[in-house]
Amino acid sequence: MKKIIDNKIYDTDNCDILVSYFTIVEHPGMFCSSYVEHEAKIFKTKKGTYLRYIGRAKDTGWEDKNELTIISKDKFKEILIDLNEIEVYEKEFGKLEEG
């Protein structure tokens with residue numbers, strides 16, 4: 001996917017994929033919101049920018065998002081911690097201290 005963000009072009013075909021997972025996305029409605037699982041992927045550009053792609057809905061009855069956004073290093077760390085992706089975390093940010 002290609003997208004212009006802050007006057008720069010980002011192309012996921014030229015990025016490294018770091019992690020794939022499912023995330024809950026809010027779909028606002030007239031009277032209430034629905035929360036649907038969508039496929040998500042985190043990419044890293046050659047310049048070190050982290051991108052989050054939110055794509056297809058797990059339940060095919062919902063519209064796919066097809067959304068690409070820049071995320072901070074701290075947000076990426078939060079996602080890795082929530083997913084318990086220790087190997088990816090240590091590869092990106094160094095060894096964690098043992099508790």
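The values are calculated or read from the model by the stated rules, or taken from the named source; none is laboratory data. Predicted model, so just to flag it, every value in this text is computed and none were measured. Here Cβ is always computed from backbone atoms with ideal geometry, including for glycine, and neighbour counts include all displayed protein chains. What goes into the accessible areas is simple: the full protein's heavy atoms, side chains included, and nothing from ligands, DNA or RNA. Shrake-Rupley method; radii C 1.70, N 1.55, O 1.52, S 1.80 Å.
Of ILE54, ILE70, which has the most accessible area and how do the rest follow, probe 1.4 Å? Walk me through the intermediate numbers first.
Details: ILE54 15, ILE70 70 Å².
Heavy-atom accessible area, descending, gives ILE70, ILE54.
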Calculate the dipole size of the chain relative to its Cα centre from +1 charges on Lys and Arg beta carbons and -1 charges on Asp and Glu beta carbons; express the result in debye to the nearest 20. 480 debye
For a quick check of understanding: with a 1.4 angstrom probe and all protein chains in place, what accessible area in square angstrom does VAL19 have, to the nearest ten? 10 Å²
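Is the chain rounded, prolate or oblate when judged by the Cα gyration tensor, a ≥ b ≥ c being the square roots of its eigenvalues, rounded requiring a/c under 1.5 and prolate requiring a/b larger than b/c? If you can, show how the numbers build up before the last one.
Values: a/c = 2.30, a/b = 1.35, b/c = 1.71.
Cα axes put the chain in the oblate bin.
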Residue-wise HN-Hα coupling along region 38-45, computed from phi with Karplus coefficients 6.51, -1.76, 1.60 (Hz; x: Gly, Pro): 10, 5, 9, 9, 10, 10, 10, 6
How high is the relative contact order of the chain, given as a whole-number percent (alpha carbon pairs under 8 Å, six or more residues apart)? 18 percent
Charge dipole of the chain about the Cα centre (unit charges at C-beta), most positive-ward option of ILE54, MET30, ILE70: ILE70
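Enumerate by residue number the GluC sites (Glu not before Pro) in the chain meeting two conditions: DSSP loop (anything except H, G, I, E, B), and at most 11 other Cβ atoms within 10 Å of the site's Cβ.
Details: sites: GLU26, GLU37, GLU39, GLU63, GLU67, GLU78, GLU85, GLU87, GLU90, GLU92, GLU97, GLU98; in loops: GLU63, GLU85, GLU97, GLU98.
In loop regions of the chain (DSSP not H, G, I, E or B), the sparsely surrounded GluC sites (Glu not before Pro) are GLU63, GLU97, GLU98.
With a 1.4 Å probe and every protein chain kept in, tell me what percent of the accessible surface of the chain is carbon plus sulfur.
Working: 3330 of 7190 Å².
C and S atoms contribute 46 percent here.
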Listed residue pairs exceeding 22 Å between alpha carbons, taken from LYS2/LYS91; LYS2/LYS44; LYS2/LYS77; LYS46/LYS75; LYS44/LYS95: LYS2/LYS91; LYS2/LYS77
Amide H within-cut-off set for ILE71, under 5 Å, with H built and near neighbours excluded: TYR50, LEU51, ARG52
TRP62 long-range amide H proximity, modeled H, under 5 Å: none
Helix axis angle, 73-83 relative to the chain longest principal axis, alpha carbon, degrees: 80 degrees
The answer for trypsin sites (Lys or Arg not before Pro) in region 1-69 that fall in a DSSP coil and have at most 14 neighbouring Cβ atoms within 10 Å is LYS46, LYS47, LYS58
